[in-house]
Amino acid sequence: MTYENFKTDLDGDGILTVTWDMPERSMNVLSGSSMKDLGGIIEKVTSDDAIKGVIITSGKAAFGAGADLGEMGSNASASAGDQTHEQKLAKQFAGVMAFNNLLRTLETCGKPVVAAINGLAMGGCLEVTLACHYRVAADDDSIQLGLPEAKVGLLPGGGGTQRLPRLIGAANALPLLLQGKSLRPRKAAEMGVIHKAVPASQLLIEAKRWIKEEGDAEQPWDKKGYKVPGGTPYDKGNSTTFVIGNALLRKTTYGNYPAQINIMKCVYEGTQVPIDAGLRIEGRYFVDLLNRPESKNMIRSLFLSMQELGKGARRPAGVDKTEVKKLGMLGAGMMGAGIAYVSAKVGMEVVLIDTDQAAADKGKAYSEDLLDKAIGKGRETEEGKQALLSKITATTDYDALKGCDLIIEAVFEDRDVKAEVTKKSEVLLSDDAVFGSNTSTLPITGLAKASSRPANFIGIHFFSPVDRMPLVEIIVGKETTDATLAKAMDYVAQIKKTPIVVNDSRGFYTSRCFGTYVSEGVEMFAEGIAPALVDNVGRMTGMPRGPLEMSDDVALDLAHRVRTATKKDLGDKYVATAADPLMEKMVVDLGRYGRKNKKGFYDYPEDGKKRLWPGLGDLVEAKVTTSSPELVEKLKKRLLYRQAIEAARCFEEQVVTDVRDADVGSIIGWGFAPYTGGPLSLIDTVGTAEFVKACDGFADELGERFRPNQLLRDMAETNDTFYSRFNPKGQMAAAAE
Ligand code: NAD
């Protein structure tokens with residue numbers, strides 16, 4: 001027996017060990033060729049009397065990462081076009097069921113099959129193990145077991161929505177399926193997802209022991225008298241699972257995510273029928289998702305593009321890879337402290353500088369605090385904490401910067417202060433060391449004027465809180481070289497974050513577009529739309545919070561300062577809005593700065609939840625206080641389209657030049673509604689012609705801020721899409737659909 005992706009070994013007891021080890025891949029994935037091999041192996045197991053039992057394990061560090069989404073996308077687009085919609089659906093359904101039939105054949109082959117899970121097992125690969133009669137995993141906290149499909153707009157289509165509730169009950173299975181949460185082996189064993197977690201060295205020994213001593217070759221759901229744990233949806237006690245589950249789902253997703261809705265349906269409908277019917281139900285809902293724009297967009301932005309950007313798709317070619325060994329961090333405030341932490345965490349030596357020792361120490365104490373919390377959660381050890389802290393030197397002494405490969409400044413947002421620290425530190429650096437600014441608003445080319453080596457000057461813009469936010473926006477100044485860009489990107493890869501690359505402009509890309517969300521919310525309030533309605537609608541669009549809440553979080557005084565500076569810089573070109581006098585009143589007259597002084601659009605009482613400030617009613621008379629579905633739809637569009645049109649302008653102005661940067665940056669940078677795939681995917685999905693028409697309508701009614709730019713008008717003529725017109729290399733072909 002020889003297979004491309006599996007090695008097999010039959011021992012003297014008739015136990016066949018099947019080791020999954022795909023050539024030229026760092027991880028096993030469920031590709032077409034893996035499935036073909038698996039089919040051959042199952043056939044052999046079924047027909048060969050010499051085989052008494054089977055162990056499936058992996059020859060790699062991980063067991064398997066899941067379905068090959070890239071291949072799945074290419075197949076979907078390759079099969080499109082030459083057939084009717086019904087034929088396409090039938091073909092997709094047949095494809096899903098072929099995999100399901102394979103797993104069903106495995107679990108009914110009459111011989112005991114064990115999954116010996118030696119490492120991470122996700123998605124389709126975990127589903128393979130669920131079709132085994134016994135699951136044993138290495139007891140190692142770094143191993144994750146999960147069905148993350150929902151996170152990219154899909155559902156586990158290899159029986160996951162059927163076998164998991166049949167193993168642990170719907171109430172326990174639903175949170176795992178809906179949120180795509182993964183478990184460590186010990187927790188998975190506690191919950192009954194796997195049978196046992198044993199030391200890695202015992203894995204195969206335990207697998208063989210079970211086959212020889214127990215070896216039950218029948219799944220629980222194939223046994224006579226089987227009942228789903230906790231019962232079916234109509235059983236007493238379980239009905240609330242679905243009633244409350246549906247309500248919670250609606251509350252958290254506002255119906256924006258078809259994957260979660262379909263998962264709910266799969267479990268609800270599937271657990272009332274025998275497994276074979278349940279698998280067919282799952283297959284149909286899976287195919288439904290494959291054809292939804294939400295799933296296509298989420299797979300593209302949140303998986304494929306994210307992966308490509310993470311692997312350096314935007315890194316200049318032909319520049320040698322670099323490594324930052326010593327980082328100089330200027331400013332130990334909120335951002336500097338976070339950047340120091342994430343850098344030391346991956347082993348960099350960090351010099352953390354502030355104007356006085358107490359401030360520098362406070363910055364280092366931030367790391368200590370995070371590490372203590374991690375220790376409390378069992379995710380860090382005391383030795384790990386000491387090792388990380390020993391990497392950070394908190395000081396006021398600039399001489400300690402000698403030997404740094406990279407310096408990042410996160411001092412006050414003030415041109416003069418930034419110029420001073422640039423000059424002071426640059427003289428200590430080697431010729432190829434890079435200087436990065438974490439400014440959120442000041443153009444990089446302007447800041448680089450203080451530098452004697454503007455070619456080595458670049459923007460490295462982090463998001464707060466640094467340890468949790470995955471995005472870094474890299475801003476290329478007029479004189480920044482490719483070598484500098486490459487070095488900044490190598491650093492971002494070292495700290496395991498995702499970079500996007502943008503050109504210099506006011507607010508760069510992310511702050512500029514995000515700003516339109518909050519300012520459109522304030523505009524709505526200024527027009528007399530009740531503030532509660534404004535924020536509710538904001539959340540309903542899929543943004544993480546309403547625009548007024550987010551204004552408070554960012555700080556109203558900061559927004560006001562940026563607005564005033566923009567007004568000054570633009571002079572006659574500045575377009576005043578109804579929000580301007582309102583913000584001035586809130587900040588200058590009333591001293592309401594937002595969450596930071598516990599007074600903004602909301603009040604933040606010490607002893608309770610935040611609530612809208614009652615005084616808002618005196619500022620603006622609320623004219624629209626009740627909503628209708630039509631009004632909600634219109635306001636939702638206003639909030640989303642306003643951001644999308646700004647993203648399209650950034651694209652035309654070459655602030656952002658790659659559709660992946662624009663879409664991925666929007667979702668992981670400012671929380672743009674993930675189900676849309678990002679603002680450019682949203683425009684593509686709506687259709688450029690329709691989008692332009694809607695925006696013209698808004699512009700006529702509300703103002704020129706909605707007027708479509710020339711690029712959009714050109715594209716609308718032929719209903720062109722961003723992903724076909726600017727299709728980046730390496731994107732799945734489905735993007736052009
Ligand atoms: P912060 O006020 O918390 O920290 C600034 C720190 O810089 C303070 O500790 C201050 O003592 C120190 N400092 C001032 N002058 C200095 C000097 N000459 N030498 C050394 N240290 C000096 O501010 P922050 O929120 O951390 O922001 C810092 C920078 O990061 C700003 O440019 C800001 O625009 C940018 N930024 C902030 C955020 C955010 O969400 N707060 C996000 C992205 C970027």
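The values are calculated or read from the model by the stated rules, or taken from the named source; none is laboratory data. This structure is a prediction, so every number in the text was calculated from the model and none was measured. Counting neighbours? That spans all protein chains shown, and the Cβs are built from the backbone with ideal geometry, glycine included.
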Over segment 383-400, the set of residues β-branched (Val, Ile, Thr) and away from the ligand (no atom under 11 Å from the Cβ) is ILE392, THR393
The correct count of residues that are more than 11 Å from the chain's Cα centre (by Cα) and of a type outside the set (D, E, K, R) in segment 654-671 is 7
Those residues of segment 443-466 which are within 9 Å of the ligand (Cβ to nearest atom) and closer than 18 Å to THR484 by Cβ amount to HIS461, PHE462
Those residues of segment 442-471 which are among the hydroxyl-bearing types (Ser, Thr, Tyr), more than 20 Å from the chain's Cα centre (by Cα) and either in a strand (DSSP E or B) or farther than 14 Å from LYS423 by Cα (or both) amount to THR445
>> Taking the conditions exactly as written (of a type in the set (Lys, Arg) and surrounded by fewer than 24 Cβ atoms within 10 Å (Cβ to Cβ)), does ARG660 satisfy them or not?
In response: no
Within segment 401-414, restricting to residues that are charged (D, E, K, R) and within 10 Å of the ligand (Cβ to nearest atom), the one that is farthest from SER343 (Cα to Cα) is ASP414
Determine, yes or no, whether GLU308 is outside any loop (DSSP other than H, G, I, E, B), more than 16 Å from the ligand (Cβ to nearest atom) and not small (Gly, Ala, Ser).
-> yes
Among helices (runs of 4 or more DSSP H) completely within segment 510-576, the ones holding 3 or more residues that are surrounded by fewer than 17 Cβ atoms within 10 Å (Cβ to Cβ), within 16 Å of the ligand (Cβ to nearest atom) and over 30 Å from the mean Cα position of the chain (by Cα) are 556-570
Within segment 89-125, residues surrounded by 18 or more Cβ atoms within 10 Å (Cβ to Cβ) and free of Cβ contacts under 8 Å to residues at least 40 places away in the same chain come out as GLY95
Of (1) of a type in the set (Gly, Ala, Ser); (2) more than 8 Å from the ligand (Cβ to nearest atom); (3) buried (at least 21 other Cβ atoms within 10 Å of the Cβ), ALA374 satisfies every one except (3)
If we keep only residues of segment 326-346 that are more than 24 Å from the chain's Cα centre (by Cα) and surrounded by fewer than 24 Cβ atoms within 10 Å (Cβ to Cβ), then the residue nearest to the ligand (Cβ to nearest atom) is GLY333
Picked from segment 423-441 (must be under 20 Å from GLU473 (Cα atoms) and either assigned to a loop (DSSP other than H, G, I, E, B) or within 10 Å of the ligand (Cβ to nearest atom) (or both)), the residue farthest from the chain's Cα centre (by Cα) is ALA433
_Filter result for VAL472 (within 16 Å of the ligand (Cβ to nearest atom) and either under 16 Å from LEU406 (Cα atoms) or charged (D, E, K, R) (or both))_ = yes
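When you look at THR498, is it within 29 Å of the chain's Cα centre (by Cα), at pLDDT 95 or above and of a type in the set (S, T, N, Q), yes or no?
So THR498 passes the test.
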Those residues of segment 407-432 which are closer than 21 Å to THR322 by Cα and buried (at least 23 other Cβ atoms within 10 Å of the Cβ) amount to ILE407, ILE408, GLU409
If you go through LEU639, LEU616, LEU635, the only one that is in the same structural domain as PRO531 (by TED's automatic domain parsing) and in contact (Cβ under 8 Å) with a residue 40 or more places away in the chain is LEU616
Exception for GLY230 within (1) touching a Lys or Arg at 6+ places or on another chain (Cβ under 9 Å); (2) small (Gly, Ala, Ser); (3) at pLDDT below 95 falls at (1)
Check: Among the residues of segment 358-367, is any more than 22 Å from ILE495 (Cα to Cα) and either assigned by TED's automatic domain parsing to the domain that holds THR566 or crowded, with 17+ Cβ neighbours inside 10 Å (or both)?
Finding: yes
ALA61 vs. criteria free of Cβ contacts under 8 Å to residues at least 60 places away in the same chain, over 17 Å from TYR3 (Cα atoms) and over 31 Å from the mean Cα position of the chain (by Cα) = no
Considering residues that are within 16 Å of GLY119 (Cβ to Cβ) and over 33 Å from the mean Cα position of the chain (by Cα), the number found within segment 19-51 is 0
